[in-house]
Amino acid sequence: MNRYMTQRLFGIAVRAAALLVVGVLLLVIGVTVARGGGVLLADPSIVFTPPGSRYMLEGTGGFLHAVLGSLFIVGPATVVSMVAAVSTAVYLQSDYSSRRFSDGVNMFLNVLWGTPPIVYGVFVLTIIIATGAQTSLFFGIIAIAIFQYPIMTRYTDEALRAAPETVRESTYGLGATRFESMRMTVRAAAPGVIAGLVMGFARGIGDAATVLFTTGRSTRMPGGLFEAATTLPVLIFDQAMSFNAEVRSHAYAAAFVLTSVVLGLILLSKLLAGRYARYTPGGNR
Amino acid sequence: MTTDTDSLQNRAQSSRLGRRLLAERYSSYWLTGAGYLAIALFAGITLLLFYRSLPILSEYPLSSMLTSANWDPAANNFGFLPAIVGTIYVTALSMLMGVPIALGAAIYIAEYAEGRTKTLVAALIDVLAAIPSVIFGLVALIVVVPVIGRYVAPVFSENTVGVGIFTVSLVIAIVVTPFMTSLSVESLESLPDELRETSLGVGATKFETIRSVLLRAAGPGIFSAILLGFGRVFGATIVPALLIGGQTQIPNSIFSTGQTLPTLIVNDFGELMSLPLTQSALIFVGLMLVIVVWLFNFGAMLVQQRLKRRWQYQ
Amino acid sequence: MTDTPLTTDQLSVTYTGDREIEAVKGVSIGFPANTLTTIIGPSGCGKSTLLKSLNRLHEIQENVTIDGDVLLSGDSVYNTDVPAPEIRKRIGYVPQTPTALPVSIYENVAYGLRIHGDYESKADLDEKVETYLRKVNLWDEVADRLDAPGAELSTGQIQRLCVARSLAVEPDVLLCDEVTSALDPVSAESVEKTLKRLKSEYTIILVTHSMAQARRLADEVVFLYLGEVIESNDVRSFFEDPQQERTKAFIGGPTPVNREDNATGPTTTPPTSAGGEGPAAGDDKQ
């Protein structure tokens with residue numbers, strides 16, 4: 001009965017592995033909620049208060065600058081990246097390019113996806129140095145957009161490939177041009193495209209390494225496109241190593257906000273995908 | 001529906017067609033450009049980083065920089081060995097801890113869990129995969145660091161406050177495990193049930209089926225999941241920057257503090273950016289990261305193709 | 001039945017992928033106006049390929065080459081500067097799988113009108129949408145929910161929606177690719193009824209693998225086998241007096257066609273030999 005012992009042990013082992021992963025998740029979320037939620041509950045205004053002059057030293061004021069910085073950087077970056085991602089993904093479909101070409105580009109997209117975000121940070125910083133510019137909101141947008149581009153392109157490409165071939169046949173059969181037909185295919189793939197959009201936004205808003213050197217880690221409110229700014233993950237990173245307990249507690253509050261936003265976004269992507277699925281061929285079944 | 005004699009109508013129609021065809025032409029220029037964007041980015045990153053690494057590469061021989069343990073940019077000593085060794089330690093330890101857990105959890109979700117439990121566990125793991133790594137770093141500072149400093153390290157008679165190579169590896173493993181799990185579940189679930197039935201049908205146990213049939217059939221997918229995990233471990237920046245201790249020395253044990261290639265950049269970029277040679281050295285670190293990740297990826301694609309052929313099932 | 005808006009001239013279609021396959025081999029045939037012609041034959045014999053090559057729809061796939069030509073009212077479809085979308089506007093196509101575009105019911109029908117600009121005002125567009133929904137007997141079923149997603153209709157309704165959508169651009173010829181094969185019997189019947197009503201007004205070419213359907217609907221029948229036209233004739237002659245051995249084998253010998261609405265001739269006269277008048281009664285090599 002040795003085989004059956006192995007089988008039993010294996011079953012226990014995989015259950016333990018899953019339990020471990022779920023346990024860690026609950027621990028991480030629990031600690032974030034308990035610590036961050038506690039701080040926020042005691043003083044919710046820190047989310048909406050601009051930082052004081054000695055914010056990073058003594059925790060005077062709040063971290064509105066990082067909340068706004070995150071929005072002003074990741075929002076535009078997502079738009080820029082989405083336009084590029086959808087365009088690329090459309091070009092990779094068989095209407096536009098050969099199988100060989102799209103396989104080749106997909107290979108490069110995979111590699112870009114696997115490239116560490118810090119590399120994009122260094123790349124954009126190198127551009128900043130080379131052009132003699134200053135770190136600013138603008139370069140944060142560029143860095144995040146580059147970081148999101150392969151992720152969103154992959155999602156969109158997969159969604160477009162999964163769209164029914166008959167949508168193309170139907171529209172071509174009605175006399176649509178390639179471009180007109182493709183616009184309909186993109187609509188048919190909308191749930192997947194939107195899932196990609198929200199995932200890209202979620203990944204972008206959570207990443208610190210790309211913006212660490214490109215936006216300037218400012219401790220003041222964002223003043224303009226070419227002024228220094230900061231984002232929530234960078235703020236958390238900077239505060240986590242502070243010696244001041246008040247500043248560290250702000251890190252937990254910021255972590256709570258960031259986690260809620262990311263989890264909320266994932267929920268949103270599921271809901272949106274479900275809504276759009278109504279219009280998708282076969283989506284209501 | 002036959003002849004259209006109204007010439008005005010006709011002209012309106014044809015100018016409309018002309019506009020549509022023009023839209024088709026210009027959109028196709030734009031889309032073609034976008035199609036090459038990924039390749040352009042790849043080439044742009046490599047070339048720019050390489051060009052900006054030239055100052056340091058022309059100043060010191062590559063072999064001596066890679067083998068020297070002396071990192072002191074202020075005194076023009078650029079030895080990358082400590083960071084390289086630190087990176088190898090962290091990557092190897094994280095993968096050792098993360099891969100078996102990820103595989104186990106993936107097998108549980110794909111083959112064991114059922115109904116509600118399955119949906120719930122899979123959703124939780126997807127959520128975990130989406131949490132920003134800086135959150136993990138922050139939580140680890142108050143949970144993992146003291147535990148390791150007070151309880152784990154003393155067991156190995158090591159004296160540490162808790163930050164160091166091992167802590168970093170553990171936390172990075174936690175960061176990438178759900179990510180690898182998610183991807184592995186996808187490839188296991190895409191396998192046809194016939195494979196399971198065939199194997200169970202000849203009297204194999206569930207374990208034997210998973211080990212000798214399913215893990216092979218899903219092999220290429222799992223392989224690329226592990227590979228993407230590797231890319232994330234290797235390039236992890238924020239977690240090691242928070243938890244590794246930031247001392248540029250060759251680590252003498254897995255509990256000692258150290259440096260990885262990404263943390264080298266984080267720690268030294270701010271203050272030393274003004275020194276051109278340091279700047280170039282740090283950009284060269286970026287180039288090293290890029291080259292290793294990209295070589296790994298391209299190599300892995302070849303391996304994957306072979307796996308696909310060898311373990312194909314239909 | 002003298003006017004033939006669509007004819008093919010030695011039309012060949014070759015797939016040039018991994019293996020070279022000539023799916024349609026030098027077909028020359030005419031499709032009469034205001035008539036429903038069915039193309040029948042066993043699976044994989046090139047029916048769909050022939051159909052798609054009639055309005056250059058196969059061009060959206062890779063690795064296909066065409067020889068010969070298709071003539072639409074005398075105009076070449078292939079050797080021409082007219083862009084493919086214009087040709088496809090004149091030769092409509094309804095795919096095998098019922099496909100609602102991911103927009104509302106109204107916009108599904110309006111789609112072709114909008115891209116071609118074939119309407120003068122919103123009121124005109126409304127009117128046209130209604131007209132064509134009525135043509136396929138769908139208006140009464142959807143009039144109160146025109147803004148609902150097209151995909152929420154039943155498959156039979158979607159297929160009729162597809163027909164309405166295709167008719168709305170006012171094509172000269174309508175190509176239908178096994179439009180009932182993905183439907184349940186009840187839905188299939190509703191689509192068949194629609195086609196039956198439309199065939200006196202439109203030139204319809206229907207690919208089917210069902211001989212029963214061909215008997216019920218067709219005025220003309222083309223039998224395609226391995227990319228060649230074996231026999232083509234009006235439905236009565238085709239089924240009751242097949243000329244070729246291969247046709248006899250395929251349809252299982254001469255069988256009577258019993259239809260009340262047979263448009264091609266009186267129902268009581270015995271079958272008269274009319275075989276071989278098709279442009280290409282293909283040769284009969286094994």
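The values are calculated or read from the model by the stated rules, or taken from the named source; none is laboratory data. As the structure is a prediction and not an experimental result, all values here were calculated from the model. Using ideal geometry, Cβ is built from the backbone for each residue, glycine included, and neighbour counts are taken over all protein chains shown.
General observations
- B:Val145 being within 13 Å of chain A (Cβ to nearest Cβ), modelled with pLDDT under 90 and more than 30 Å from B:Ser224 (Cβ to Cβ): yes
- Search result, residues across segment C:95-116 that are among the aliphatic types (A, V, I, L, M), under 18 Å from A:Ala188 (Cα atoms) and not in a loop (DSSP other than H, G, I, E, B): C:Ile105, C:Val109, C:Ala110, C:Ile115
- Within segment A:229-242, the residues that satisfy the criterion of being within 13 Å of chain B (Cβ to nearest Cβ) and in a loop (DSSP other than H, G, I, E, B) are A:Thr230, A:Thr231, A:Met241, A:Ser242.
- Criterion: of a type in the set (Asp, Glu), in a helix (DSSP H, G or I) and either without any contact (Cβ under 8 Å) to a residue 24 or more places away in the chain or crowded, with 19+ Cβ neighbours inside 10 Å (or both) - qualifying residue of C:Glu130, C:Glu120: C:Glu130
- Candidate set from segment A:118-145 (those that are β-branched (Val, Ile, Thr) and in contact (Cβ under 8 Å) with a residue 40 or more places away in the chain); member that is farthest from the other protein chains (Cβ to nearest Cβ): A:Ile141
- Members of segment A:39-82 that are among the β-branched types (Val, Ile, Thr), touching a residue at least 60 places away in the same chain (Cβ under 8 Å) and touching a Ser or Thr at 6+ places or on another chain (Cβ under 8 Å): A:Val39, A:Ile73, A:Val74
- For segment C:142-163, the set of residues classified as more than 10 Å from every other protein chain (Cβ to nearest Cβ), part of a helix (DSSP H, G or I) and either of a type in the set (D, E, K, R) or within 14 Å of the chain's Cα centre (by Cα) (or both) consists of C:Asp144, C:Arg145, C:Gln159, C:Arg160, C:Val163, listed by residue number.
- Residues of segment B:219-226 include none that is within 11 Å of chain A (Cβ to nearest Cβ), in contact (Cβ under 8 Å) with a residue 24 or more places away in the chain, part of a helix (DSSP H, G or I) and of a type outside the set (Ser, Thr, Tyr).
- Of the residues making up segment B:271-314, those that are within 21 Å of A:Ala209 (Cβ to Cβ) and of a type outside the set (A, V, I, L, M) are B:Glu271, B:Thr278, B:Gln279, B:Ser280, B:Phe284, B:Gly286, B:Trp294, B:Phe296, B:Asn297.
- Considering residues of segment C:43-72 that are at pLDDT below 85 and part of a loop (DSSP other than H, G, I, E, B) only, the residue farthest from the other protein chains (Cβ to nearest Cβ): C:Cys45
Okay, residues lined up against (1) within 22 Å of the chain's Cα centre (by Cα); (2) farther than 25 Å from B:Val144 by Cβ:
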| position | (1), (2) |
| --- | --- |
| B:Leu195 | no, yes |
| B:Thr257 | no, no |
| B:Pro262 | yes, no |
| B:Ser274 | no, yes |
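- Of all residues in segment A:97-112, those satisfying the criterion of being more than 7 Å from chain B (Cβ to nearest Cβ) and outside any loop (DSSP other than H, G, I, E, B) are A:Arg99, A:Arg100, A:Phe101, A:Ser102, A:Asp103, A:Gly104, A:Asn106.
- Hey, B:Leu282 part of a helix (DSSP H, G or I), assigned by TED's automatic domain parsing to the domain that holds B:Pro146, in contact with a Phe, Trp or Tyr (Cβ under 7 Å, 6 or more places away or on another chain) and at pLDDT 80 or above or not: yes
- Meets criteria (crowded, with 22+ Cβ neighbours inside 10 Å and assigned to a helix (DSSP H, G or I)) for A:Thr210: no
- Residue among B:Leu195, B:Leu242 that is assigned to a helix (DSSP H, G or I) and either modelled with pLDDT of 85 or more or not assigned by TED's automatic domain parsing to the domain that holds B:Tyr112 (or both): B:Leu242
- Criterion: within 18 Å of C:Ser232 (Cα to Cα) and surrounded by fewer than 17 Cβ atoms within 10 Å (Cβ to Cβ) - qualifying residue of C:Pro5, C:Pro32, C:Pro42: C:Pro42
- Considering residues of segment A:157-175 that are surrounded by fewer than 24 Cβ atoms within 10 Å (Cβ to Cβ) and away from chain C (no Cβ under 14 Å) only, the residue farthest from C:Asp118 (Cα to Cα): A:Glu158
- Segment C:88-130, subset basic (Lys, Arg) and out of contact with any His (no Cβ under 9 Å at 6 or more places or on another chain), residue farthest from the other protein chains (Cβ to nearest Cβ): C:Lys122
- Matching residues in segment B:227-265 - criterion: being among the polar types (S, T, N, Q) and more than 9 Å from chain A (Cβ to nearest Cβ): B:Gln247, B:Thr248, B:Gln249, B:Asn252, B:Ser253, B:Ser256, B:Thr257, B:Gln259, B:Thr260, B:Thr263
- Note on segment C:165-193: residues that are within 14 Å of another protein chain (Cβ to nearest Cβ), crowded, with 23+ Cβ neighbours inside 10 Å and out of contact with any strand residue (DSSP E or B) (no Cβ under 8 Å at 6 or more places or on another chain) total 2.
- One residue from A:Ala66, A:Ala77 being within 14 Å of chain B (Cβ to nearest Cβ) and crowded, with 23+ Cβ neighbours inside 10 Å: A:Ala66
- Elements of type helices (runs of 4 or more DSSP H) in segment A:4-96, at least 3 residues being within 26 Å of the chain's Cα centre (by Cα), β-branched (Val, Ile, Thr) and modelled with pLDDT of 90 or more: A:64-91
- Of all the listed residues (A:Arg217, A:Arg183, A:Arg178, A:Arg154), the sole one being within 13 Å of chain B (Cβ to nearest Cβ) and on the phi > 0 side of the Ramachandran plot is A:Arg217.
- Residue that is in contact (Cβ under 8 Å) with a residue 40 or more places away in the chain and surrounded by 15 or more Cβ atoms within 10 Å (Cβ to Cβ), where the choices are B:Val139, B:Val171: B:Val171
Yes/no per residue for (1) facing another protein chain (nearest Cβ under 10 Å); (2) in contact with a strand residue (DSSP E or B) (Cβ under 6 Å, 6 or more places away or on another chain); (3) among the hydroxyl-bearing types (Ser, Thr, Tyr); (4) not in a helix (DSSP H, G or I):
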site	(1), (2), (3), (4)
B:Arg116	no, no, no, no
B:Leu120	yes, no, no, no
B:Leu124	yes, no, no, no
B:Val139	yes, no, no, no
B:Tyr151	no, no, yes, no
B:Pro154	no, no, no, no
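- Taking the conditions (1) touching a Leu at 6+ places or on another chain (Cβ under 8 Å); (2) farther than 13 Å from A:Phe123 by Cβ; (3) not acidic (Asp, Glu) in turn, B:Phe42 satisfies each one other than (2).
One line per residue, one yes/no per condition, for (1) facing chain A (nearest Cβ under 7 Å); (2) more than 29 Å from A:Gln239 (Cα to Cα):
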| site | (1), (2) |
| --- | --- |
| B:Gly44 | no, yes |
| B:Ala69 | no, yes |
| B:Pro73 | no, no |
| B:Tyr112 | yes, yes |
